[in-house]
1. State whether the residues of the range 29-36 include one that is touching a helix residue (DSSP H, G or I) at 6+ places or on another chain (Cβ under 9 Å), within 30 Å of Thr183 (Cα to Cα), surrounded by 12 or more Cβ atoms within 10 Å (Cβ to Cβ) and at pLDDT 85 or above.
2. Regarding Val310, is this residue under 18 Å from Ile267 (Cα atoms) and either at pLDDT 80 or above or in contact with a strand residue (DSSP E or B) (Cβ under 9 Å, 6 or more places away or on another chain) (or both)?
3. If I filter the range 39-53 for residues that are at pLDDT below 85 and not acidic (Asp, Glu), do I get at least one hit?
4. Sort through Ser176, Ser161, Ser195, Ser188 and tell me the only one that's modelled with pLDDT under 90, in the same structural domain as Leu112 (by TED's automatic domain parsing) and among the hydroxyl-bearing types (Ser, Thr, Tyr).
5. What is the residue count in the range 66-85 for residues that are modelled with pLDDT of 85 or more and at negative phi?
6. Within the range 217-235, can one find any residue that is exposed (fewer than 12 other Cβ atoms within 10 Å of the Cβ) and part of a helix (DSSP H, G or I)?
7. Could you tell me which residue of the range 278-307 is farthest from Trp237 (Cα to Cα), considering only residues that are of a type in the set (A, V, I, L, M) and in contact with a strand residue (DSSP E or B) (Cβ under 7 Å, 6 or more places away or on another chain)?
8. Taking the range 182-213 as the search range and keeping residues that are touching a helix residue (DSSP H, G or I) at 6+ places or on another chain (Cβ under 6 Å) and among the aliphatic types (A, V, I, L, M), which one is surrounded by the most Cβ atoms within 10 Å (Cβ to Cβ)?
Amino acid sequence: MQFKDAAYEILKKAEIPLHYKEIASRAQTEGLLETTGQTPEATMGAQLYTDTLNPDSRFRRGDQRGTFTLKIAPTGSIQQQIENIQAQIRKDLRKKLLHMPPQKFEELIRLLLEQMGFEETETTPYSNDKGVDVRGVLSSNPLSVVKVAIQVKRWTNNVGSGVVRDLRGSLKVADSEQGLIITPSDFSSSAIEESQAPGKTPIRLINGDQLVNLLIQYNVGVKQEQYTVPSIDPEYWTEVLGIALSDADLPQDKTTKNAAPAAAAKIVFPLAIQASYKEQTYHGQLMNIQGVVRWNNQEFSTLSKAAKAVAVDWKAVNGWNFWQYQDPETGNWEKLSKLHLPNKE
């Protein structure tokens with residue numbers, strides 16, 4: 001087995017990212033790797049690094065240097081595939097935020113705030129910010145202006161209540177300044193309680209999940225890609241071409257399939273039928289199972305021909321959907337296509 005095929009089998013079993021040296025070692029242990037070279041680990045790494053540059057690669061690089069994993073295989077419905085991609089993007093974006101330099105993270109937050117509509121945004125000096133990293137002004141309407149002081153914590157651990165208290169103490173009370181703390185991680189329960197403490201200025205908290213949502217919503221460091229997916233237009237086939245989708249193309253449960261012959265067996269010919277067209281009702285008779293129709297003292301060999309004689313300005317008509325019959329059990333008028341007769345045109 002070649003290097004990439006062996007790597008695929010190892011990663012499929014592991015279901016987690018592995019270093020290329022570990023992949024090569026496991027492949028040799030399991031007898032999957034065919035090589036006479038002296039440096040199989042280096043060869044495995046080189047081939048995987050090169051292969052991931054190919055858009056059709058089965059592999060992608062892991063979060064840790066030198067690690068690789070399999071790309072998410074598209075399974076299930078298109079919607080499920082989209083949800084899988086969105087989940088992976090959110091995961092990757094969250095990790096990128098956690099590994100940004102603190103000063104760059106503050107700059108990112110400032111750009112996000114500007115995209116959200118904040119004005120007069122500025123980052124405070126990094127070495128002496130006194131608990132405030134970014135200040136800005138938000139005009140929610142012409143009569144309301146809110147000044148906001150933002151504390152940014154690019155931490156991997158949860159932010160505690162001490163940070164909330166420090167920010168509250170740095171607010172410009174005379175300006176009715178509001179407080180906001182943003183982190184790519186999360187907040188401890190004590191921090192959440194402190195932010196909502198009665199009798200104190202509320203502090204708004206934005207955790208990693210909420211931050212990722214905002215970055216995606218306001219397209220900051222994220223671009224939206226659209227793909228066109230074709231689907232069959234049943235109305236076009238029916239109304240323009242006069243071709244009904246066959247029963248095999250439509251989802252049916254066992255109850256429907258078993259009930260169809262019984263419904264057809266109750267029909268007695270000639271069968272009274274009717275159709276509505278331009279606010280008028282036209283009455284005819286279905287003479288037999290082959291679809292012969294008698295209407296307006298004329299006989300038509302198919303339901304569609306009879307329908308076209310009524311709807312003369314239509315390009316094409318599907319007679320099985322145009323004409324209706326009265327269901328003997330419910331008394332409702334239904335499309336003839338519901339009869340499931342075996343000899344539809």
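1. No.
2. Working: under 18 Å from Ile267 (Cα atoms): no; either at pLDDT 80 or above or in contact with a strand residue (DSSP E or B) (Cβ under 9 Å, 6 or more places away or on another chain) (or both): yes.
It is false that Val310 is under 18 Å from Ile267 (Cα atoms) and either at pLDDT 80 or above or in contact with a strand residue (DSSP E or B) (Cβ under 9 Å, 6 or more places away or on another chain) (or both).
3. no
4. Numbers: Ser161 fails: modelled with pLDDT under 90; Ser195 fails: modelled with pLDDT under 90; Ser188 fails: modelled with pLDDT under 90.
Only one candidate qualifies: Ser176.
5. Taking the range 66-85 and keeping what is modelled with pLDDT of 85 or more, we get 66-70.
Going one step further and asking which of them are at negative phi, we end up with 67-70.
Final tally of qualifying residues: 4.
6. yes
7. Per the criteria, the residue is Met287.
8. This residue is Ile182.
The values are calculated or read from the model by the stated rules, or taken from the named source; none is laboratory data. Please read all numbers here as calculations on a predicted model, not as lab measurements. Note: ideal-geometry Cβ built from the backbone for every residue, glycine included; neighbour counts use all protein chains shown.
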